[in-house]
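Q: One structure, pasted below without further comment.
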Amino acid sequence: MIDVYEKCPKFENQKYQLKFVSNEDCLDLLKVYSDKKAVPIFNSDNCGGDDFYYFTKQRMREAIDYWHCEYDRQGFVRWSITDKSMNTVIGTIELFHRKAKDYFTNCGLLRLDLRSDYEKVEEIENILSLIIISTFDLFNCNKVATKAIAEAAERIIALKKLGFQNTDENLIGHDGTEYNSYFVLKN
């Protein structure tokens, strides 16, 4: 089995490539994280108050540096999503194995941040289908969970088409805060 923190795998289909986020992605990612339509859909649960709205190159670089630091300490993996037809990074996927005292233990927690023009059923399906099945082995988990708020209608449709089911279970944060709107895919 591959250790995702030893060598981060790439995933690819005809349209998209997922690869470990790099400093070279900064300008493209700035377009994602400064997209006022996209940011409200991002999952910032349990992220210490970060809303992921970045509007300077410096702040985007700091975020990428932090993502690298978290990878080095085996906290999470952040992949850049490249639209191969334009050779442009259009978002990121974060994944980690979550151990907790709630329903979301032994879970691969997935965060998907996309530019708003890619927040479409077909695009989300195409992107997530690249990595979902591998998540169970890469992160040694028996379920994958991701957040999708009601306003993310296209995302919810895509998740359901991929086999995710809405859950009434709340994710309990570090400080006891309860977070909802999660969808789960079991192995």
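Values quoted throughout were computed directly from the atomic coordinates according to the rules given, and no laboratory measurement underlies them. Here the structure is a predicted model, which means the values were calculated and not measured. Heads up, the Cβs are rebuilt from the backbone with ideal geometry, glycines too, and the neighbour counts pull from every protein chain shown.
Q: Excluding LYS36 itself, calculate the net charge of residues whose Cβ lies under 12 Å from the Cβ of LYS36, where each Lys or Arg counts +1 and each Asp or Glu counts -1.
A: +1
Q: Using the Karplus curve 6.51 cos²θ - 1.76 cosθ + 1.60 with θ = phi - 60°, work out ³J(HN,Hα) for each residue of the range 67-72 in order, rounded to whole Hz, and write x for Gly and Pro.
A: 4, 5, 4, 5, 5, 4
Q: Shifting gears a bit: Taking DSSP loops as anything outside H, G, I, E and B, show the longest stretch in the chain free of GluC sites (Glu not before Pro) there with at most 11 other beta carbons within 10 Å.
A: 7-150
Q: Alpha carbon centre of the range 6-43 versus the range 78-123: separation in Å?
A: Result: 8 Å between the Cα centres.
Q: Between the DSSP loop rule and a limit of at most 10 other Cβ atoms within 10 Å, which trypsin sites (Lys or Arg not before Pro) in the range 24-126 are left?
A: Sites meeting the loop and neighbour criteria: LYS36, LYS37, ARG73, LYS99, LYS101.
Q: List the residues whose amide H sits under 5 Å from the amide H of THR105, counting only those 5 or more places along or on another chain, with H placed 1.01 Å from N in the peptide plane.
A: ALA100
Q: With a ≥ b ≥ c the root eigenvalues of the C-alpha gyration tensor of the range 1-98, is it rounded (a/c under 1.5), prolate (a/b larger than b/c) or oblate?
A: Oblate shape, in that a/c is at least 1.5 and b/c is the bigger or equal ratio.
Q: Got a sec to turn the phi values of the range 156-171 into Karplus ³J(HN,Hα) couplings, 6.51 cos²θ - 1.76 cosθ + 1.60 with θ = phi - 60°, whole Hz, x for Gly and Pro?
A: So the J values, rounded to whole Hz, are 4, 4, 4, 4, 5, 5, 7, x, 6, 10, 5, 10, 7, 5, 9, 7.
Q: Among (i) 67, 17, 14; (ii) 31, 18, 16; (iii) 22, 18, 18, only one was calculated for this model; which label is it, if the read-out is semi-axes √(5λ) of the Cα gyration tensor in Å?
A: Among (i) 67, 17, 14; (ii) 31, 18, 16; (iii) 22, 18, 18, the one derived from this structure is (iii).
Q: Another question, if that's okay. Would you mind calculating the relative contact order of the range 11-186 from Cα pairs under 8 angstrom and at least 6 residues apart, reporting the percent as a whole number?
A: Here the relative contact order equals 21 percent.
Q: May I ask you to evaluate 6.51 cos²θ - 1.76 cosθ + 1.60, the Karplus curve with θ = phi - 60°, for each residue of the range 139-151 and list the ³J(HN,Hα) values in order in whole Hz, giving x for glycine and proline?
A: Values per residue, Gly and Pro as x: 10, 6, 9, 10, 8, 10, 10, 8, 8, 8, 6, 3, 5 Hz.
Q: Let me ask something else about it. What size of dipole, in debye to the nearest 20, comes out for the range 98-163 about its Cα centre when the only charges are +1 on Lys and Arg C-beta atoms and -1 on Asp and Glu C-beta atoms?
A: Computed charge dipole of the range 98-163: roughly 400 debye.
Q: Among ILE157, ALA100, LEU114, which residue has its Cα furthest toward the positive end of the charge dipole of the range 45-187, with +1 on Lys/Arg Cβ and -1 on Asp/Glu Cβ?
A: Value: ALA100.
Q: By DSSP, what percent of the beta bridges with both residues in the chain are antiparallel, rounded to the nearest 5?
A: Just about 90 percent of them are antiparallel.
Q: Dipole of the range 11-186 (Lys/Arg Cβ +1, Asp/Glu Cβ -1, origin at the Cα centre): which of TYR54, ASN170, ILE81 lies farthest to the positive side?
A: After comparing all options, I get ILE81.
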